[in-house]
Amino acid sequence: MKDEHSTSKLWGGRFNEPTDEFVKRFTASVDFDQRMAAEDIRGSLAHARMLEKAGILSAEELDSIHHGLEEIAQEIAAGTFPWSVDLEDVHMNIEARLTDKIGLAGKKLHTGRSRNDQVATDIRLYLRGSIDRIGAELTRLQSGLVQMAADNSAVIMPGFTHLQTAQPVSFGHHLLAWNEMLERDYDRLSDCRVRLNQCPLGAAALAGTSYPIDRSLTAELLEFDKPTENSLDSVADRDFAIEFCALAAILLTHMSRFSEELVLWSSAQFEFITLPDRFCTGSSIMPQKKNPDVPELVRGKTGRVNGHLISLLTLMKSQPLAYNKDNQEDKEPLFDTIDTVLDCLRAYADMVPAIEPRPEQMRSAATRGFSTATDLADYLVGRGLAFRDAHEVVGQAVAHGVATNRDLSEMSLEELQGFSDAITEDVFSVLTLEGSVAARDHYGGTAPAQVLAAAARAQTKLDQRA
Ligand code: ARG
């Protein structure tokens, strides 16, 4: 006769031989899912409260479960909790410990519940908390960018297409372009939270439970918007994790693009910015080197986050309903994505306000590469030429500039008039960088006044969060 009080295995009843030692380790998840311990305890408490309300647990049993779980939470926080691989995962470790502490009441906690709805609940709770922390870091980064944009609305840099000088733009405008990318990321994050915020508890193994449970109560106690709709889907669904990894991949793709620009801009060839020393490292051989390691590493980390998205999609693609053990493989990619996103955002939120722009270098770069050529064409259109004819005229002037190694603004009026007699003395006001930028004076344009207004709108949106 087996010992029915033994807690070393919680499902040993029907087995005739012990689990193979390697298989135990192979199938265990406790090493990585113990980070959801707080959520597991919170979920168990809500479940126990609901069981007591439904008359399934007595008030005394609920009380001792409550105290037992509190003690366990303290042990975990203090690092004294005896995690055991024999107990497979975080759920059974905690449940077994509870029964060790409080006896029979601990064995009743799992009434009307399965690890399948339990783990689905834990991951949602854990991810929800992570989304909130990521949202706060994202907001911190965006606040730094928006402030820097407002401070640099009148700083002029070359704008690029094909990484060739295109037209002058405000440096603040460029920073606000980054902010727009992050704003969409924040929206996606908020969206993901909305779809995630439903409670799977009560789905039990897959079919629901025969006990008179109150799913709305557990949902409410755990601050979910509502219980999930379908018990099979509740235990089988990991869309929320995929969705999170997808938005994280887009976010990191954005950060990778920022990184690429920071790496270029801080090089001796650009010199648009100085990165703070504390975010850079040196070379062990070349004494002059100051390497932009933080942006480079963020660019590199995009690879692993993209990989985690593919891992999760591949994990789910062939699974029949409902729960399968495959799902245990959802945690490591998800957790690593969360950690990576938080680290990258933290590094950038700290670093961005400490970046020093170099306005004179940016300005001087903008005077090379004929960045006001379009302005000259627009000027000629204002003097009655068709845009295509104006384009041709300016193209010839640029060719002359290339041949004589001068910008359009460095040519004499007579020289310019050689290309079109529509050109008069006032041409020089449009050939200046300031004139060019100020002329783009519409919603979304790069005129300093528009950049200031856009920064104010962006700040208002940030203020409306939380
Ligand atoms: N450790 C498991 C996981 O992460 C918990 C659920 C196990 N359920 C089961 N029926 N074996 O998915």
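Laboratory data are not the source of any read-out in this text; all were calculated from the coordinates shown. What you see is a predicted model; the values in this text were computed from it and never measured. Counting neighbours? That spans all protein chains shown, and the Cβs are built from the backbone with ideal geometry, glycine included.
Under the rule a/c < 1.5 gives rounded, and otherwise a/b versus b/c splits prolate from oblate, where does the chain land using the Cα gyration tensor?
Values: a/c = 3.37, a/b = 2.81, b/c = 1.20.
Note, shape of the chain comes out prolate.
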Worksheet entry | Cut-off under 5 Å, modelled amide H: who pairs with Val169 long-range | Met157, Gly159
Worksheet entry | Those lysines that a straight Cα-Cα span of less than 30 Å connects to Lys461, excepting residues fewer than 8 apart in one chain | Lys226, Lys301
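What's the ranking of 437-450, 113-126 by average number of surrounding C-beta atoms within 10 Å, highest first?
Highest-to-lowest ranking by the protection proxy: 113-126, 437-450.
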Worksheet item: In whole Hz, what ³J(HN,Hα) sequence does the stretch 409-423 give by Karplus (6.51, -1.76, 1.60; θ = phi - 60°), x for Gly and Pro?
Response: 5, 8, 8, 7, 4, 4, 4, 5, 5, x, 8, 7, 7, 6, 7
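Beta carbons within 10 angstrom, averaged per residue: use that to sort the peptides 55-67, 138-150, 347-359, highest first.
Details: 55-67: 15.9, 138-150: 21.2, 347-359: 17.8.
Taking the mean over residues of other Cβ atoms within 10 Å, the ranking is 138-150, 347-359, 55-67.
How would you order 131-137, 26-32, 78-84 from highest to lowest mean count of nearby Cβ atoms within 10 Å?
Numbers: 131-137: 17.1, 26-32: 15.4, 78-84: 11.1.
The peptides rank, most packed first, as 131-137, 26-32, 78-84.
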